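Read through the structure below, which is laid out as structure tokens, and then see the notes.
The values are calculated or read from the model by the stated rules, or taken from the named source; none is laboratory data. Fair warning: this is a prediction, and the values are worked out from it, not measured in the lab. Positions of Cβ are generated from backbone atoms using ideal geometry, with glycine treated the same way; all protein chains shown enter the neighbour counts.
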């Protein structure tokens, strides 16, 4: 049975499934989701208990001058206290913390999307590069075969006196150089094979030609406009700016008072000289920092400076994105022009080689002229393969800068990671199995339970 060639989609699917980098960032996203749960938990009461047991025995001396030990005193006591504390009002501190945690989650989701695009782009690069190195290796091996034929023909002509020993030596030198090029090309294939394994998670088999490249906008400005809206790096930075604004609000809320309610139940029982009691208490308290040595003011100023930094970074991210799209688009156009030029170069080099070979048979050209012409044909074919691989990769690079190089955008036909699954399971801070059944299912699906 013939071996079925692996497609680019197969490589992308395996890269998506096998990426440790994606696993790491999914875990980081889940950790950010837990920040929301922890912020929500501050709206709920804190219930704690303390249980104590005391057994104390004391020897009493009835008189200071007596040498006889007097009676014994025994105290045995068991206490149990149950306390409840809940924040009633903190002037928006907790609500702001929740909103801040949510913005961080959205930024982390965008970061995960950037990593996904990075993983898939590296898989495309590895696929294209491995096929290119194999193709160039085939050119080099074919060239060795051609030179071998030329060398045999030159030796035959030397035997009948048509050429000199110099012509034979030149052909032998070209053959040795071609063999060295084959060895270098084989090394490039092995390097590309390892890069494929690193990007995809396995070694490549027989790779099929890549499919037709995805469609791009008709103009570079169209690609830039889409990138402004959909590039995850920009989206992430926008959420970080929003989070910086909330940090200022949180610093201001920390300057305001907190109103809390407390309640407790206590019971005590014992033997000996202890006193049994049952106690309960309910109270409301308000607290506020009056003087902190400038700490709270400094935290607010720091939050304001961090916001300015995030805003500047957002502008820089947009500028860098525009540069990346423009550069990739220019390289795409250059590769397209190079392919056309390479085609013309191949035709011209092939015609020159055939003409020189016929002239050499008539003695008008040397063996070196023929071998150099064949080398020109090989170089032109390798240049065309390089340009085609470069152009194909640039299409996917532009898709990545636009924010459209994801498993969903590429229609890989596999289940993709749900960034909201873990968040929906923990956003209400479940505390028990009866509340956390959905969370248990999510963890089991992730293989983390």
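Hey, does segment 335-349 have a residue that's more than 30 Å from residue 396 (Cβ to Cβ) and either part of a helix (DSSP H, G or I) or within 50 Å of the chain's Cα centre (by Cα) (or both)? Yes: one or more hits.
Against the definition (surrounded by 13 or more Cβ atoms within 10 Å (Cβ to Cβ) and at pLDDT below 90), how does residue 36 come out, yes or no? Spelling it out, it is not the case that residue 36 is surrounded by 13 or more Cβ atoms within 10 Å (Cβ to Cβ) and at pLDDT below 90.
What is the residue count in segment 353-373 for residues that are without any contact (Cβ under 8 Å) to a residue 12 or more places away in the chain and part of a loop (DSSP other than H, G, I, E, B)?
Qualifying residue count, segment 353-373: 3.
For segment 148-165, indicate whether the set of residues that are in a helix (DSSP H, G or I) and under 30 Å from residue 127 (Cα atoms) is non-empty.
As a first pass, look at segment 148-165 and keep what is in a helix (DSSP H, G or I): 148-159, 165.
So of that shortlist, the ones also under 30 Å from residue 127 (Cα atoms) come out as none.
Among the residues of segment 148-165, not one is in a helix (DSSP H, G or I) and under 30 Å from residue 127 (Cα atoms), which makes the answer no.
Given the criterion over 30 Å from residue 201 (Cβ atoms) and modelled with pLDDT under 85, identify the matching residue among 95, 71, 42. Result of the check over 95, 71, 42: 71. Residues in segment 214-227 that are more than 17 Å from residue 330 (Cβ to Cβ) and surrounded by fewer than 16 Cβ atoms within 10 Å (Cβ to Cβ): 214, 215, 225.
Look at segment 319-331: where a residue is surrounded by 13 or more Cβ atoms within 10 Å (Cβ to Cβ) and a partner is not in a helix (DSSP H, G or I), sitting 6+ places away or on another chain with Cβ atoms under 7 Å, you get 321/231. When segment 177-203 is filtered for residues that are in contact with a helix residue (DSSP H, G or I) (Cβ under 7 Å, 6 or more places away or on another chain) and closer than 27 Å to residue 17 by Cβ, the ones remaining, listed by number, are 189, 192, 193, 195, 196, 199, 200, 201, 202, 203.
Going by what's in this entry, would residue 111 be described as modelled with pLDDT of 95 or more, under 27 Å from the mean Cα position of the chain (by Cα), assigned to a helix (DSSP H, G or I) and closer than 30 Å to residue 39 by Cβ? Criteria met by residue 111.
One line per residue, one yes/no per condition, for (1) part of a helix (DSSP H, G or I); (2) at pLDDT below 95:
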{"position": "275", "(1), (2)": "no, yes"}
{"position": "281", "(1), (2)": "no, yes"}
{"position": "299", "(1), (2)": "yes, yes"}
{"position": "315", "(1), (2)": "yes, no"}
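Residues in segment 204-252 that are in contact with a helix residue (DSSP H, G or I) (Cβ under 8 Å, 6 or more places away or on another chain) and farther than 30 Å from residue 310 by Cα: 204, 207, 208, 209, 210, 211, 213, 214, 216, 217. Taken over segment 45-68, the residue count meeting the criterion of being at pLDDT 70 or above and assigned to a loop (DSSP other than H, G, I, E, B) is 1. Scan segment 435-442 and give yes if some residue there is more than 19 Å from the chain's Cα centre (by Cα), surrounded by fewer than 19 Cβ atoms within 10 Å (Cβ to Cβ) and modelled with pLDDT of 75 or more, otherwise no. No, there is no match, as no residue in segment 435-442 is more than 19 Å from the chain's Cα centre (by Cα), surrounded by fewer than 19 Cβ atoms within 10 Å (Cβ to Cβ) and modelled with pLDDT of 75 or more.
Every condition in (1) farther than 30 Å from residue 325 by Cβ; (2) modelled with pLDDT of 90 or more; (3) surrounded by fewer than 20 Cβ atoms within 10 Å (Cβ to Cβ) holds for residue 408 except the one numbered (1). The set of residues in segment 76-129 that are within 22 Å of residue 213 (Cα to Cα) and out of contact with any helix residue (DSSP H, G or I) (no Cβ under 7 Å at 6 or more places or on another chain) contains only 118.
Restricting attention to segment 253-272, does a residue exist that is part of a helix (DSSP H, G or I) and either in contact with a helix residue (DSSP H, G or I) (Cβ under 7 Å, 6 or more places away or on another chain) or in contact (Cβ under 8 Å) with a residue 40 or more places away in the chain (or both)?
yes
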